[in-house]
Ligand code: MN
């Protein structure tokens, strides 16, 4: 009997492990990348990327998020802990980056490579940026002007357009914290750990060199899957800055009130009301537009107005708590409608 339960324990442990993230292997050996030296590749992959994977697995275990997909963890980054945000991005971004680097890529020009792929990417690049060279310049500029550590991106937006952007730290355009949203199909790591050993402070030299090993046929494959990916619709639905603005003030006032600290709520009830009005008049993401959403937004505004009135009248904590709980419920109703 004892050994049977031990077996079960071992089985369940191996199941839990199966849900964790792991470091992907590189397509080439560390010394094969040419313009990026062997030591940099080794440390970058086996130390930095491995570190993100380890910390991500630790964080999902601690926060009971083991069942969430990597995309889900990133999509709602503003609601997640710093550990989840940094390490889910760290894992995703580097996984994409390694796939793009191919020192044995076809030795014809990048234009020729793109023209021979079964993809509309080249046409889209010419439409959007004029030429591939101009796109590269735009990406280099985004990478060079990204202050501190971060990434430069080529993304497919929810409108299925191409856009160049950059993000700090390990953020990326899938995350709700990103200004430009979309699915990244090309990412350039501009953390110093990506180039410092060979290029030291010369980020520009690293950026010129990277193109010689960047495989555009992989970018074309990424483009083909991105334009068909339902994630684009999800991103469009989730991109609602006014909802995030409201949520921020709500979280900073409701949670203390739950713990019997009414000071933040009493100080900021009018700000919360203002955010509710702003939310009601904001541009609702097209796929979300429904009578239910509009109804809930109207209710939220009224509830926040009534809450603010109570605070002004110096009502009892018990009354105020009842009001903020209603606001909180309506907010979650709206959020639930968003995730449908
Ligand atoms: Mn890196």
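The values are calculated or read from the model by the stated rules, or taken from the named source; none is laboratory data. Predicted model only: the values in this text are computed from it and were never measured. Glycine gets a Cβ as well: all are built from the backbone with ideal geometry, and neighbour counts include every protein chain shown.
A quick yes/no check of all residues on (1) outside any helix (DSSP H, G or I); (2) free of Cβ contacts under 8 Å to residues at least 12 places away in the same chain; (3) over 21 Å from residue 152 (Cβ atoms):
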| site | (1), (2), (3) |
| --- | --- |
| 88 | no, no, no |
| 91 | no, no, no |
| 95 | no, no, no |
| 108 | yes, yes, yes |
| 112 | no, yes, yes |
| 115 | no, yes, yes |
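Condition (residue is modelled with pLDDT of 95 or more and more than 14 Å from residue 170 (Cα to Cα)) applied to region 12-21: is it met by at least one residue? Working first, answer last.
First, the residues of region 12-21 that are modelled with pLDDT of 95 or more: 21.
Pick out the ones that are also more than 14 Å from residue 170 (Cα to Cα) and you get 21.
Scanning region 12-21 turns up at least one residue that is modelled with pLDDT of 95 or more and more than 14 Å from residue 170 (Cα to Cα).
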statement: Sole miss for residue 91 among (1) at pLDDT below 95; (2) buried (at least 19 other Cβ atoms within 10 Å of the Cβ) is condition (1)
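Here is a list: 176, 171. Which entry is modelled with pLDDT under 95 and in a loop (DSSP other than H, G, I, E, B)? Explain how you work it out, then say what you get.
Values: 171 fails: modelled with pLDDT under 95.
Checking each option against the conditions leaves just 176.
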statement: Every listed condition ((1) within 16 Å of the ligand (Cβ to nearest atom); (2) closer than 21 Å to residue 96 by Cβ; (3) in a helix (DSSP H, G or I)) holds for residue 26 save (3)
message: Can you tell me which of (1) within 16 Å of the ligand (Cβ to nearest atom); (2) surrounded by fewer than 19 Cβ atoms within 10 Å (Cβ to Cβ) is the one residue 204 doesn't meet?
response: (1)
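Yes/no matrix, rows are residues, columns are (1) touching a residue at least 24 places away in the same chain (Cβ under 8 Å); (2) under 25 Å from residue 234 (Cα atoms); (3) in the same structural domain as residue 327 (by TED's automatic domain parsing):
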{"position": "270", "(1), (2), (3)": "yes, no, yes"}
{"position": "276", "(1), (2), (3)": "yes, yes, yes"}
{"position": "281", "(1), (2), (3)": "no, yes, yes"}
{"position": "289", "(1), (2), (3)": "no, yes, yes"}
{"position": "292", "(1), (2), (3)": "yes, yes, yes"}
{"position": "302", "(1), (2), (3)": "no, no, yes"}
